[in-house]
Structures are given as structure tokens and as C-alpha cells.
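Here's the structure, in C-alpha cells; my notes come after.
The values are calculated or read from the model by the stated rules, or taken from the named source; none is laboratory data. Keep in mind it's a predicted model, so treat the numbers as computed, not measured. Using ideal geometry, Cβ is built from the backbone for each residue, glycine included, and neighbour counts are taken over all protein chains shown.
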Amino acid sequence: MKFDALMLPESLRRGIAEAGFIECTPIQQSTLPISLTGKDVAGQAQTGTGKTAAFLVTLFSRLLSGTGNTGGHPRALILAPTRELVVQIEQDAQLLGKYCGLTIQAIYGGVDYMKQRDALREGADVVIGTPGRLIDYLKQKVYSLKQIEMLVIDEADRMFDMGFIADLRFILRRLPPFDKRQNLMFSATLNQRVMELAYEFMNMPEKVSVTPEKMTAERIEQVIYHVSRKEKFPLLLGLLRRDGMARTMIFINTKREGEYLHDRLNANGFPCRIISGDVEQKKRLRILEDFKEGKLPILIATDVASRGLHIDGVSHVINYDLPQDCEDYVHRIGRTARAGAEGKAISLADEDGAFYLEAIEGYIRHKIPAEWAEDDLFVHDFIRVAKPERKKEFPRERAGEKRSGSRTRKKPSEKKAAAVQPATPDQAAAPPVTGEPAKKKRRRRRKPAGAGTPPTENSAE
């Protein structure tokens, strides 16, 4: 189905055409005929399937057909779990809604608090944000949710995973009744928790889905190498040299492992940067911009960043560590082969990662083809770097205890040791220290044998 076949406002058509959208993706083809009639939709789709355009087209179409007199308060609200995803949705909204005449404002942490508050106070038709900062401004009465006509919840399952469900409910309970607005929700999985949320805050949503099998098997070439932990880095160097990967994302499970990999790759002639939850927001945006523009060939990321990234032209995704969550595998490899392009996903399964492989293959409903790495593919003559030291944190230890839980015997102080140790004859005869008067020892008097009570005045002399 083509976008021209849809009944859309002319200003929106211009934005879609300028963005280069012609054919609808499967999730767009399933969603738009329903959502454009005003019905609620709960969609199962990963990032990279075109779901962002699906809900933005619906949103702009609805707002353009309305009155638009809200006194500067937002008419549409889009909720997303991560800052990166908010930034990407805003960029797509600015592109598709270029000729719609609607103001769009992104709200998220890590940037100037007062600047965002002032921009929101000036008024916006569409607000895109993370729950935390939106609640801050809402409590300060910077804006109102009473005029919301359109609600979008993106990556609802991630909201649960990141512990945002309480904040999400706080916002949803302050919206107009669900039958007075249109609601769209997208999630990687429409599990019980997600559907309970949908039925509580949406108006009889219709379910649409793009299965994981379709999302991973058609456009992404997947391959896995079974390798020992010590051989992972030599194999990674060999793969990077052999395939000449122009724009590559490497995923790891921990920030510490990512920092170590970052140092090793840079030392061996492969410029790269790392983004994780601890990286300052301005620095994250600068790194992502360099990666998008091709100035940075390799980007290392944790799963915190994997779901919010939308970067075209990623040729390879490498799972240096297999993810423990099978859904994260689909999210990771979804960074490549976006918008109909082709890509390659390479996974390195070591002794630990092999335990997660069965669950991943069960989730995507097919086996990941395994390849044998020849000896000449391993690069052993690489420059070694020191592994970063782990910060010593002992939150569960008590004073005087080791990690194993056994108590360490403290050395007694000099005073206690002197009190416990019996005095020698020389020490007993030694004179007291000058300046400290010796205490006179009290001697206990004993009664003489046969002595009774002391005599009284009436007793005979």
C-alpha cells in the first residue's frame, strides 16, 4: 500500500513526500487504515519497522482536522522511555510535520532544565517526552493535560523494564477520559502487563502485530560464532579487518566491559566511542551525531541505548556479548537493515553467552546460522592494554568482616592487652609512672576467729 492511497491532509502529504516515504511498511499498512478512522490501536512492533511514522501520520492527521484552540496547552502527548528515543521521535516529527504549522517540543533530562520549562510554558501543540521530567513540569503547573486529544505510548514494554510504570500511570490518570481522546500504543511484546495497561487507559484498542520472525529473518543476515572468552577480541579484530565495516555498532552487557573494549579497539587502530547510561547527555548527542555523519566508524553501546537509536546506514551490528534478554537481541540487530535496507548481525557466543542462545532462537523462531572461524581470522599480534580496575564497593560488608562472611580478629589495644596479660614480678614491683599517683590497694579485713557481733553499750565489761 502506498501513502498516496490514504486520505491525508495536503500539508502532511508534502512532508511525507519530502521525507521520501512512498510504500507503507507492514506495521504502517496494518495500523494506518484503523488509526486514521479514530480508533485506538495496540501495536506489536520493534524499532526500525516504521512504527514511528505510523503514529506520527495518525497524530498529524487528527490534529489538522481539529479546532486547535487550547490556549497554548498541548493537544498531543507522546511518551517514550529514553532520551535518545525522544530526540529521534522529535526529529521525525519535525520532518513529517514540516508543513503542518504545529509546534513540537521535546522534554527529557540531561539538558537545560529552565530552557525546556520556558519553551513548554510558551506553548506547544505536540509534546514528546520521558515521564520523569514531564511530571516535574506538570507538578509546577507549567502546562496542562486537560486538552490532550491524542496519546501515544512508545515502547510500553520498556516502560515496565525501566521501572517507569508508576510515573506512566501518574500521567495517564490526569488526561481527559479515554473515550475523549485517541490512544496509540506500541510495544515489542503485547504481554499481559502491557495489555492490562492498554485495557485500563485505552478505548477498546485493536491489536496489530509484526511478528519477530518477520522482523529478523527477511532483511538481516544473521551469523553466530562459538568462541572462547579469551578468543573473542582476536576474532573481533579479524572480522573488522576482513569485512571493512564502515558503520558498525558493537553491543556489550556491562559498562565496564565496554570501557575495556573501547580502550583495546582504539589502541589497535579502530577509532570508536562508547555510550552508556552514565555518559552526559550533551556528550551522548555529540557522539551520536559523529556516528551519523560518518566521522566515527564504530559505536559501542549498552542495552540502555540500544532501543532509542535510529541511525540509517548501519551496515553491521556485533553482539560482543549475547544479551540475557531475548527481546534485547531483536532490538540490537534492529539497528541495521532499517527502512528496507540490508544489514548483517554477528554474534559472538562464549562460555557464558551460550546459555542465552536457546531462549533467543526460541523467541525469533529460527536457528541463527553458525559459522566456523578459521585460524587465520584470529588476530593475536594486537596491542595489549590494562584492564580498568573495578571500583571496590562493599555494601553488604559489616565492620570487621571479610567478603566471605568470616570475622577478622582485631588486635587488642595496648590498654586492653595490658589488662589481660598477667603482670610479671618485676612489673609488680616497678614504681608507678611519674605524674600518675599510685592507687592504694584496699585490703580486706577479716574477723578474728570466734568473734561475734560488736559489743553494745549494755554489754558487761
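Per-structure values
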read-out	value
Qualifying residue in segment 41-51 (condition: at pLDDT below 95 and part of a helix (DSSP H, G or I))	yes
Selection from segment 179-194 of residues that are assigned to a helix (DSSP H, G or I) and in contact with a helix residue (DSSP H, G or I) (Cβ under 6 Å, 6 or more places away or on another chain)	193, 194
Test: residue in segment 367-374 that is within 24 Å of the chain's Cα centre (by Cα) and either surrounded by 22 or more Cβ atoms within 10 Å (Cβ to Cβ) or not assigned by TED's automatic domain parsing to the domain that holds residue 154 (or both)	no
Hits in segment 319-340 (condition: part of a loop (DSSP other than H, G, I, E, B) and either modelled with pLDDT of 80 or more or hydroxyl-bearing (Ser, Thr, Tyr) (or both))	320, 321, 322, 323, 324, 325, 334, 335, 336
Residue 94 vs. criteria out of contact with any Cys (no Cβ under 6 Å at 6 or more places or on another chain), modelled with pLDDT of 95 or more, farther than 25 Å from residue 180 by Cβ and assigned by TED's automatic domain parsing to the domain that holds residue 178	yes
Filtered residues of segment 216-245 (kept if touching a residue at least 12 places away in the same chain (Cβ under 8 Å) and more than 23 Å from residue 374 (Cα to Cα))	216, 217, 219, 220
Which listed residue, of 163, 101, 132, is under 25 Å from the mean Cα position of the chain (by Cα) and in a loop (DSSP other than H, G, I, E, B)	163
